[in-house]
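Taken together, the values in this text are just the output of simple stated rules run on the coordinates, not laboratory data. From a predicted model like this one, the values you see are computed outputs, not experimental measurements. Cβ placement follows ideal geometry from the backbone for every residue including glycine, while neighbour counts extend to all protein chains displayed.
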Amino acid sequence: MSRSVVVTGGASGIGLATVHRLHREGWHVVAVDRNTDALPEDERITPVLADVTDETQVDAAVEAADRLGDGLGAVVTCAGVVRNAPVTETTLADFRRSLDVNLTGTFLVCRAAARVMLQRGAGGSLVTISSVSGLRGGEQRAGYASSKGGVLALTQVLAGELGPAGIRANCVAPGATDTPLVRVAQPPAVRDAVVASIPLGRYAHTEEIAAVIAFLAGSESTFVTGQTWCVDGGQTAGPGWRLGEKP
Ligand SMILES: NC(=O)c1ccc[n+]([C@@H]2O[C@H](COP(=O)([O-])OP(=O)(O)OC[C@H]3O[C@@H](n4cnc5c(N)ncnc54)[C@H](O)[C@@H]3O)[C@@H](O)[C@H]2O)c1
């Protein structure tokens, strides 16, 4: 028997890479997305069509995952949206949508998971997904960065409250990662500027983010909680610009 893990946003990008990684590591993966067409089929991968902003659907997906194998061991909240616009042109609807999916969706999934984990009494791991934008803003990201900053704070609250029950909560803050989300949101000129600000000089592959998520979800990180893991090629550590040629 294996424990189950819920991965939201599991049909694309970082979430899909995480589904593959956790499946390889022996988890029964419940992949939640509002579009499940692209999900692989396997006896240990259960696609669930659900919207993370819908309380009833989230509760049902998490409770169903807890009925599999040895029960729910972890959740990973990858579902997210980004809408770039200058703050003066950001509509209230777009700002609210960012908060709804990225922050409220994370809250609903983690709350549902905490409830079933507390009831089972076997601990667990909550892995939330923020962004370097949640740590230091960025242009045209009022809604997105606000939601991702909220995810950092929420994760710390979860770690503090749930730690005594053996439930850990950690946040992964990816830097620029090559996924459908950024391919739509970032034109080539923006991508070049982003790459120039990353000491490792490229976008992350989704598998590189999934590897850190899997570490935090699993049993190799049992004394790690309440932390933010920047997986950003050094972007937040570097100067943001270069004086001359590459070394
Ligand atoms: N790609 C990057 O450069 C990058 C950087 C930092 C953080 N992130 C974060 O990583 C996460 C994954 O991003 P990605 O680049 O893989 O995006 P992606 O667009 O490839 O995948 C996001 C998935 O979330 C799903 N989704 C969106 N809204 C949903 C909802 N309401 N309910 C259920 N599913 C929903 C989409 O259908 C999609 O499958 C997001 O939270 C994003 O903010 C991405």
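Can you tell which of 151, 127, 172 is buried (at least 22 other Cβ atoms within 10 Å of the Cβ), within 19 Å of residue 234 (Cα to Cα), within 16 Å of the ligand (Cβ to nearest atom) and in contact (Cβ under 8 Å) with a residue 24 or more places away in the chain?
None of the other options fit; the residue is 172.
Suppose we filter segment 56-80 for residues that are of a type in the set (S, T, N, Q) and buried (at least 24 other Cβ atoms within 10 Å of the Cβ); how many remain?
1
Quick one: is residue 87 within 14 Å of the ligand (Cβ to nearest atom) and either farther than 20 Å from residue 179 by Cβ or among the aliphatic types (A, V, I, L, M) (or both)?
So residue 87 fails the test.
Checking residue 15 against (1) within 19 Å of the chain's Cα centre (by Cα); (2) small (Gly, Ala, Ser); (3) more than 29 Å from residue 132 (Cα to Cα), which test does it fail?
Residue 15 satisfies every listed condition except (3).
Answer yes or no as to whether residue 157 is surrounded by fewer than 15 Cβ atoms within 10 Å (Cβ to Cβ), part of a helix (DSSP H, G or I) and near the ligand (Cβ under 8 Å from one of its atoms).
Taking the combined requirement at face value, the residue does not satisfy it.
Out of 8, 53, 36, 106, which single residue is within 16 Å of the ligand (Cβ to nearest atom) and surrounded by fewer than 16 Cβ atoms within 10 Å (Cβ to Cβ)?
36
Within 13 Å of the ligand (Cβ to nearest atom), touching a strand residue (DSSP E or B) at 6+ places or on another chain (Cβ under 9 Å) and not in a strand (DSSP E or B) - does that describe any residue in segment 64-74?
Checking segment 64-74: not a single residue is within 13 Å of the ligand (Cβ to nearest atom), touching a strand residue (DSSP E or B) at 6+ places or on another chain (Cβ under 9 Å) and not in a strand (DSSP E or B).
Among the residues of segment 39-50 satisfying the criterion of being farther than 22 Å from residue 117 by Cβ and assigned to a strand (DSSP E or B), which is farthest from the ligand (Cβ to nearest atom)?
42
Mind listing whichever residues of segment 188-207 are surrounded by fewer than 19 Cβ atoms within 10 Å (Cβ to Cβ), closer than 23 Å to residue 239 by Cα and not aliphatic (A, V, I, L, M)?
Across segment 188-207, the qualifying residues are 188, 191, 192, 199, 201, 202, 205.
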